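Since the structure comes first, as structure tokens, the remarks are kept for the end.
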There are 2 protein chains.
Amino acid sequence: MTSLQLLPITGIGEVKPGDILAQLILDAARSDGGPGILDGDVVVVTQKVVSKAEGRLVAIDPTLEADHKRLVLDEAVRVVRRRVSPRGELLITETRHGFVCANSGVDLSNVEHGYAALLPLDCDRSARRIRDGLRGRGSVTVGVIVSDTFGRAWRKGLTDVAIGTAGVAAVNDLRGTKDAQGRVLEVTEVCIADELAGAADLVMGKATGICAAIVRGVNPDWLRESSVAAEVIRLPMDDLFR
Amino acid sequence: MTSLQLLPITGIGEVKPGDILAQLILDAARSDGGPGILDGDVVVVTQKVVSKAEGRLVAIDPTLEADHKRLVLDEAVRVVRRRVSPRGELLITETRHGFVCANSGVDLSNVEHGYAALLPLDCDRSARRIRDGLRGRGSVTVGVIVSDTFGRAWRKGLTDVAIGTAGVAAVNDLRGTKDAQGRVLEVTEVCIADELAGAADLVMGKATGICAAIVRGVNPDWLRESSVAAEVIRLPMDDLFR
């Protein structure tokens with residue numbers, strides 16, 4: 001195993017509907033002092049700017065809680081849990097993509113006042129579009145992960161996870177691999193896309209305005225066709241917690 | 001934000017009950033070609049070697065499924081879910097620590113044949129012991145995370161998470177922080193210990209025998225007293241999924 005580097009891409013600035021994210025990422029990464037982009041890099045891009053570039057913004061009256069809640073329910077196929085607390089109503093929903101998260105991923109922070117950002121319609125496709133753009137415009141072959149910040153059952157605090165992937169494994173299947181004692185591994189499927197997304201968040205933060213980062217040095221075997229929808233989403237019938 | 005490095009510590013070798021992990025880590029990290037250990041590093045150590053060093057090994061007849069199951073139930077305070085499949089019975093349990101995970105964290109892989117490894121009794125304390133050992137024997141002040149590989153609800157694949165911390169924040173509380181537009185952030189509590197543990201797994205892998213890694217370059221503000229038990233474990237009464 002060799003070392004990895006986590007490199008923030010600074011200077012992308014405000015993203016607007018219709019912007020070509022791949023070009024913005026290339027320009028920022030290749031500006032003076034930037035990390036560049038190399039073949040074999042994994043580029044992690046946060047959902048917020050992907051949604052903005054794709055025009056997934058909806059006008060909302062942020063003083064009307066009902067307006068927000070209607071949006072959340074519009075984006076959901078199922079309300080998994082609901083809790084009313086002094087901080088307001090929390091809805092844990094299942095989105096059309098199959099993600100289980102707070103408020104269907106509808107987000108008001110780091111969005112222009114009066115607007116809410118919805119999740120991309122097809123997050124794997126969003127990742128492929130960025131990967132193809134980086135290849136076409138920048139002549140680099142990379143993996144791309146679109147990340148978002150989700151809570152989880154049983155543990156406090158949020159972490160960044162992968163909601164879309166292109167060109168980098170979502171889940172690495174180690175079934176049949178032997179451990180150091182020659183015994184078949186019990187732990188067989190590692191969601192490296194979530195580990196990569198969380199790692200990238202460590203150099204992005206929530207209040208910095210940094211919306212993309214590079215993981216450099218990953219195992220070349222990890223760079224393959226992939227899909228969060230196919231590899232990570234657990235179907236309701238296979239899920240013990242829905 | 002500056003860049004981070006993920007550096008595997010190779011050459012620790014087989015760990016036996018009574019071994020001083022801090023010394024093994026120091027010797028391996030400071031050997032020729034090793035990454036060394038610097039003030040401000042975060043050292044991530046996998047649960048398996050911590051359990052071995054602490055003698056948390058139990059003789060087991062691995063051909064008797066009942067033997068394994070008895071151990072799992074002994075380590076549990078509650079069976080959260082149970083599923084019988086062609087691959088055997090899966091128990092999702094709550095451990096005495098409050099972790100919700102498969103089989104109470106009882107593990108047979110990467111353990112000598114005829115033994116199972118149990119989780120450390122107090123994982124934060126295990127992390128503190130390593131941190132104090134590195135300070136006393138190596139004169140370095142670092143954060144330490146003990147990591148384990150857990151599944152989760154709703155998403156396939158496993159990821160490494162923090163089960164114990166010392167000297168590095170488990171959850172970073174951003175409440176009151178403003179976003180780039182000057183709005184108060186909605187995402188307020190980030191479990192950086194889990195993101196650090198998952199990041200470190202990217203340079204360790206499951207079949208390599210690498211049991212420790214360094215995250216170098218973390219924000220010095222993250223290096224503070226901490227506890228997974230106090231900051232990450234969600235109490236059953238606050239949990240919508242138990």
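Here are some notes:
- Strands (runs of 3 or more DSSP E) fully within region A:134-242 that include at least 2 residues being at the interface with chain B (Cβ under 8 Å from one of its Cβ atoms) and closer than 15 Å to residue A:47 by Cβ: A:159-166.
- Region B:72-97, subset open to solvent by 10 Å² or more (accessible area, probe 1.4 Å) and outside any strand (DSSP E or B), residue nearest to residue A:156 (Cα to Cα): B:97
- Number of residues in region B:98-125 that are among the acidic types (Asp, Glu), within 11 Å of chain A (Cβ to nearest Cβ) and open to solvent by less than 30 Å² (accessible area, probe 1.4 Å): the value is 1.
- Residue check: residue B:34 meets all listed conditions (1) away from chain A (no Cβ under 12 Å); (2) more than 17 Å from residue B:144 (Cβ to Cβ) but one, namely (1).
- Among the residues of region A:24-60, the one identified as within 13 Å of residue A:9 (Cα to Cα), part of a strand (DSSP E or B) and open to solvent by 10 Å² or more (accessible area, probe 1.4 Å) is A:46.
- Among the candidates A:151, A:143, A:136, residue that is over 17 Å from residue A:99 (Cβ atoms) and under 14 Å from the mean Cα position of the chain (by Cα): A:143
- Scope region A:104-136; condition among the polar types (S, T, N, Q) and modelled with pLDDT under 95; matching residues: A:109, A:110
- Complete set of residues in region A:183-202 that are modelled with pLDDT of 95 or more and of a type outside the set (A, V, I, L, M, F, W, C): A:194, A:195, A:198, A:201
- Residue pairs meeting the criteria (Cβ under 6 Å; at least 6 apart or on separate chains; first within 7 Å of chain A (Cβ to nearest Cβ), in region B:1-26; second in a helix (DSSP H, G or I)): B:6/B:199
- Verdict on residue B:17 being at pLDDT below 95, of a type outside the set (Val, Ile, Thr) and either in contact with a Leu (Cβ under 7 Å, 6 or more places away or on another chain) or open to solvent by 70 Å² or more (accessible area, probe 1.4 Å) (or both): no
The values are calculated or read from the model by the stated rules, or taken from the named source; none is laboratory data. These numbers come from a predicted model, not from an experiment. No Cβ is skipped: glycine too gets one built from the backbone with ideal geometry, and neighbour counts run over all protein chains shown. Ligands, DNA and RNA are excluded from the accessible area calculation, which covers all protein heavy atoms including side chains. Shrake-Rupley method; radii C 1.70, N 1.55, O 1.52, S 1.80 Å.
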